[in-house]
Structures are given as C-alpha cells and as structure tokens.
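Here is the structure we will look at.
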Amino acid sequence: MADPFDPARYVPEAAAAAGLTISPADLGDVTQAFAVLARVAAQIMATPLPEETVAAALFIPDDGAAQ
Amino acid sequence: MTRQTARELASAVRSGERSATAVIEQTLAEIAARDGAINAFTAVTKERALAAAAAIDAAIAAGRNPGPLAGVPFAVKNLYDVAGLPTIAGSHIDRHRPPAAHDAALAQKLAAAGAILVGALNMDEYAFGFSTENTHHGPTRNPHDPARIAGGSSGGSAAAVAAGLIPLALGSDTNGSIRVPAALCGVFGLRPTIGRLSRAGMRLFAASIDVGGPFARTAEDLALAYDAMQGPDPADPASAARPPEPTLPVLSRGIEGLRIAVATGYYASQGAPEAFAAVERVASAVGAKERIELPSPGAARAAAMIMTSVEGAELHLEDLIARAEDFDPRTRARFLAGALAPGVWYARAQRVRRWYCGEMAKTLANVDVILAPVTPYPAFPIGQAWMEHAGQRLPAAGHLGVFTQPLSFAGLPTVAAPVADCGPLPLGVQIVAAPWREDLVLRTAAAAEALGAVASPSPASIEVPGR
C-alpha cells in the first residue's frame with residue numbers, strides 16, 4: 001500500500017489547525033523531522049500484532065488504601 | 001587531576017585521613033580551573049557544598065556514622081531539582097522558573113548517604129538529543145578530544161566524571177542518554193529498570209521510558225551510588241513497590257554460571273567495525289560464545305521514537321504554541337513534528353511495546369546477560385551533522401541511539417561500560433539483563449573490569465582547539 005502521508009502537505013495544514021506557528025525558516029526542518037516520524041510510524045503500523053495485544057501503558061487504579 | 005574513586009574518597013573521609021572540607025575545596029578548585037575546557041557544569045553550588053562538608057566533618061568528630069559516601073562530591077544533570085536553582089533542563093525558556101524548593105529524590109538519597117552536591121550539569125535541551133551540543137549553554141566537550149562531542153543527553157554528567165572533576169554524577173536515560181555519553185566519554189553508566197529509582201523532582205522528557213541513573217569510573221562506584229538510591233517513593237507514580245535489593249554484597253560473585261550471549265544481526269551491523277570489535281573483546285574476556293538474535297529491534301526503535309516525540313511535545317506544547325522561537329534550534333523542529341503526530345501512531349506504539357516486551361521476555365528466559373555495542377561509532381567532531389555509513393547518509397547524532405533505543409524500550413537494566421584499549425576515542429559495551437536484575441549487569445561489569453576488558457581511561461591533558 002502506498003504511504004498515504006504527504007508530510008509537505010500535512011505539516012503546514014495540521015500546524016495551522018492546531019495553532020502551532022511554524023516560521024518559514026523552520027518549515028523545511030519540521031517537515032523533514034515529521035517525515036522521519038511518518039517513516040517509522042509506517043514501520044510500526046505494518047508490524048503485525050495480535051488483536052488482543054493491549055497498550056503497554058495500562059492504568060490500574062488502586063483501592064485508595066495508599067491515599 | 002583527581003582520579004580517586006568514590007569508594008576511596010569516602011574511605012579516606014570516614015577514616016579521618018582527609019576531611020570532607022578538604023575534599024570539597026579541592027573539587028571546587030578543580031572545577032574552577034578545568035571545567036572551562038569541557039563546559040560540563042552549568043552551576044556550581046559552592047556555599048552549600050562547603051556547608052555540607054562541614055556537617056560531615058562535624059558528624060565524624062562527634063562519632064556519628066557519616067554514611068557510605070561520606071564527603072564524596074557529585075553533581076546532577078540540570079533537569080534534576082536543586083534547591084535554590086531553577087530547573088532549566090538545558091533550556092533558555094525555563095531560566096526564569098522559580099527556584100526548586102527541594103533537591104530531587106535521588107540527590108537527597110545520595111546526600112543522606114554522605115555525598116555532597118557540588119553543581120548542575122549541561123545537557124541537550126529537554127533531554128532531546130544525543131550530543132549535548134546545547135545552543136544556549138554551549139557544547140560540552142569530550143575530555144578525550146575537546147573538538148568532539150561528549151554524547152548526550154547527559155553529556156555534562158559523563159564529561160565531568162571522565163575528566164576527573166567528580167567521581168559520581170547523575171543523569172537520565174530515555175533512549176540512551178546515560179549510555180551514549182558514558183560510552184563516548186569512557187566511563188560507566190547505569191540505566192536501571194524503569195520503576196527502580198525514584199524520578200521525583202526530575203524534569204521528565206518521555207515519562208513512559210525515562211529513568212535516572214548514575215555515572216562513575218568503576219563498576220563498584222556505580223553499585224555504591226545505585227544502592228544508596230534504591231527504594232520505593234510514593235512521590236513518583238512510576239516507582240515500584242519493591243524493597244531495596246543491594247548489589248554491593250554480590251558484586252564480587254563473578255560470572256561463573258551466568259549464560260552470557262552477544263547480540264548479533266541488527267546489533268552487529270549499522271556501525272563501524274571497531275564498535276563491534278570492542279564488544280567481541282569483552283565477550284572473549286568473559287567467555288561469551290553464544291550469539292543471539294534479539295526480536296524486532298527496528299520496530300522497537302521506531303515505536304520508541306514515536307512515543308518519545310509525542311510525549312515530549314505534549315509536555316512542552318504550551319511553549320511550542322506561544323514561543324517556539326525560544327527553543328534550541330537543535331530540538332525545535334523535532335518537538336514541533338512530535339506535536340503534529342496522529343494519535344493512532346502513539347496508540348500503535350504502545351501496543352507494539354506490549355508485544356515486544358513479551359518477545360524480549362521469551363528471549364531472556366534463555367540467557368542471563370546480553371552484550372551489545374552502545375554506539376555505532378566513537379565521538380564525532382562538534383558540529384558534524386551527518387555520518388556516511390555503507391552508502392547511507394545518516395544523522396550523526398540521531399544514529400548514536402540505534403543500539404540503545406530498542407533495549408531501553410523494554411525497560412531492561414543496562415550498564416554501559418567503557419571497553420579497554422580502544423585507542424584515543426572511547427567505545428562502550430551494553431551489559432543487559434532481565435527487568436530487576438541490576439545485580440547481574442553490575443556483577444558482569446565488575447567481572448569484566450577485573451579481567452581488564454573494561455576500564456575507564458584517563459584523558460590526556462585537555463587543550464581546547466582555538467583557545
């Protein structure tokens with residue numbers, strides 16, 4: 001499947017929508033840094049996982065005894 | 001240059017051979033005279049150090065036990081709270097924060113053991129880097145070649161110990177920030193199991209991966225500091241409810257009977273031949289013949305990068321929106337990119353982590369200790385942005401974490417130990433074990449040190465180019 005992410009298009013549009021100001025001088029570096037994240041994200045999105053695998057950050061509340 | 005170990009200094013102070021005040025006065029004089037060449041310190045806490053030394057001397061004079069680290073000077077990465085100082089975490093933005101009211105928990109524990117805080121140490125901004133080329137505070141220079149990086153993000157901690165300014169320092173490690181600078185500066189560093197040491201009073205970077213830990217010039221000093229800092233702490237939600245498990249009493253047990261394997265495949269590629277040769281020399285010395293392929297390091301590193309970027313960006317989102325221009329140019333783009341990452345990436349990274357840790361647990365059921373390189377190459381010149389390797393153009397600093405990131409993602413305790421006889425530029429070996437087995441990694445490091453396979457080299461006299 002072709003990678004659907006286009007960092008050059010996504011970064012300025014998502015930043016504007018999220019209220020993040022990226023200076024023209026930084027835009028290339030941010031786009032490049034985001035492209036790295038998109039590349040590694042594609043790797044983990046393609047890693048086959050059993051459906052029952054739950055997040056590592058599983059929160060288990062205590063019974064309040066320690067409060 | 002002072003090369004006495006923490007144990008030797010504490011022994012001299014406890015026996016009355018030297019006063020704590022004399023030790024601290026000499027340390028402060030050494031820092032004043034020599035830190036300018038490496039730029040490890042961002043603050044020196046002279047008055048409180050001298051007051052603490054006087055208190056140790058008074059305790060000894062009164063016949064009280066001054067603690068196992070009596071009079072030992074130490075310093076902390078400047079993301080640790082130090083009472084009276086703003087906790088800047090390598091930033092410009094936080095210079096005007098209110099001063100910390102208390103020392104961080106680990107600094108308090110070292111002080112309770114008799115150690116004396118002498119200052120705060122340079123780092124990459126908000127711990128997001130592997131080189132300590134900090135634009136606001138200047139780069140920390142490698143004591144073995146001041147034209148080269150010290151590694152990061154705890155570069156000040158490693159450099160100060162390597163230069164002999166202090167025998168102990170504290171740093172933090174998310175993806176390699178203790179292990180990388182330890183290796184490049186030629187000192188020992190311990191990344192403990194996540195949950196083992198309290199993070200209360202530390203400015204975190206990526207809370208689900210961060211740990212604090214010590215640097216030293218011997219495995220014994222590492223164990224001495226680590227033991228003094230153990231114990232649960234309700235002030236840190238990630239602190240495990242485990243009693244201290246002292247390692248010093250078992251440090252000299254050696255490696256007889258331990259199943260030690262060398263990580264191969266991923267961990268034997270993507271780097272310079274000397275990095276792998278260094279690991280092989282240690283393996284040969286400790287009799288490790290087995291080779292082991294660890295599961296999915298590439299996916300683990302990828303997931304660690306997503307979690308780190310997103311958690312770091314979330315912590316600093318308010319400043320990224322209001323004043324992005326005040327971030328270090330070396331971190332700004334990466335923080336902004338993390339702020340834009342879709343949530344599904346983060347959720348997937350969390351699930352990958354669960355699966356990966358299960359796979360690592362299966363591997364660790366068949367082996368006690370794993371050896372792997374710390375970095376793919378030794379320290380590179382300050383300012384170098386790219387590294388050519390096997391026809392690939394890699395980010396010189398970013399690629400330093402290629403071997404550390406997958407292992408910390410599983411939360412495994414790891415000693416980074418300096419491999420002996422590496423030439424002018426140090427290299428390190430990671431000594432890794434199952435969660436909560438700090439005893440095994442410290443024992444193996446001590447045994448390798450006794451065999452002469454790992455040792456912290458003394459830098460030649462330091463001259464900064466162009467000064």
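At-a-glance table
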{"read-out": "Alpha-carbon Rg with Dmax, taken over the range B:318-371, Å", "value": "18.0, 51"}
{"read-out": "Gaussian network model of chain A, Cα within-10 Å springs - most flexible of A:37, A:27, A:49", "value": "A:49"}
{"read-out": "Crossing angle, helix A:7-18 versus chain A [Cα axis fit, 0-90 degrees, rounded to tens]", "value": "70"}
{"read-out": "Isotropically averaged projected area of chain B, using the convex hull of Cα atoms (one quarter of hull area), nm²", "value": "20.6"}
{"read-out": "Alpha-carbon centroid distance for the pair the range B:446-460 / the range B:372-428, whole angstrom", "value": "19"}
{"read-out": "Rounded tilt (10° steps) of A:24-45 against the dominant C-alpha axis of chain A", "value": "50"}
{"read-out": "Residue-span extension gain [residue A:17 to residue A:36] - 0.36 nm each, minus C-alpha spacing", "value": "4.7 nm"}
{"read-out": "Rough spin-label spacing in nm, given labels placed 7 Å along Cα→Cβ, for residue B:26 and residue B:245", "value": "3.7"}
{"read-out": "Per residue, the convex hull volume that the Cα atoms of chain A enclose (Å³)", "value": "179"}
{"read-out": "Helical contribution to [θ] at 222 nm, DSSP H n ≥ 4, -39,500 (n - 2.57), averaged over chain B, rounded to 500", "value": "-11000 deg cm²/dmol"}
{"read-out": "Histogram of C-alpha separations across the protein assembly as shown, 10 Å bin width, %", "value": "4, 20, 31, 27, 14, 4, 0, 0"}
{"read-out": "Förster radius 45 Å - calculated FRET efficiency between residue B:235 and residue B:392 (Cβ-Cβ, nearest 0.05)", "value": "0.50"}
{"read-out": "Cα-based reach from residue B:362 at 23 Å (exclusive), listing lysines while leaving out same-chain residues under 8 positions away", "value": "B:289"}
{"read-out": "Sorted by Cβ density within 10 Å, fewest first, the residues B:355, B:436", "value": "B:436, B:355"}
{"read-out": "Virtual spin-label span in nm between residue B:289 and residue B:64, 7 Å along Cα→Cβ", "value": "5.6"}
{"read-out": "The range B:242-381, Rg to Rh (Cα coordinates; Rh as Kirkwood inverse mean 1/r)", "value": "1.07"}
{"read-out": "Spacing of the two label points (7 Å from each Cα toward its C-beta) at residue B:46 and residue B:280, in nm", "value": "5.2"}
{"read-out": "Percent of Cα pairs exceeding the 20 Å cut-off, where the set is the range B:60-171", "value": "43"}
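Read-outs throughout are calculated quantities, based only on the coordinates presented, and are distinct from any laboratory measurement. Quick caveat, the model's predicted, so the values are computed rather than measured. Ideal geometry is used to build each Cβ from the backbone, glycine not excepted, and the neighbour counts take in all protein chains shown.
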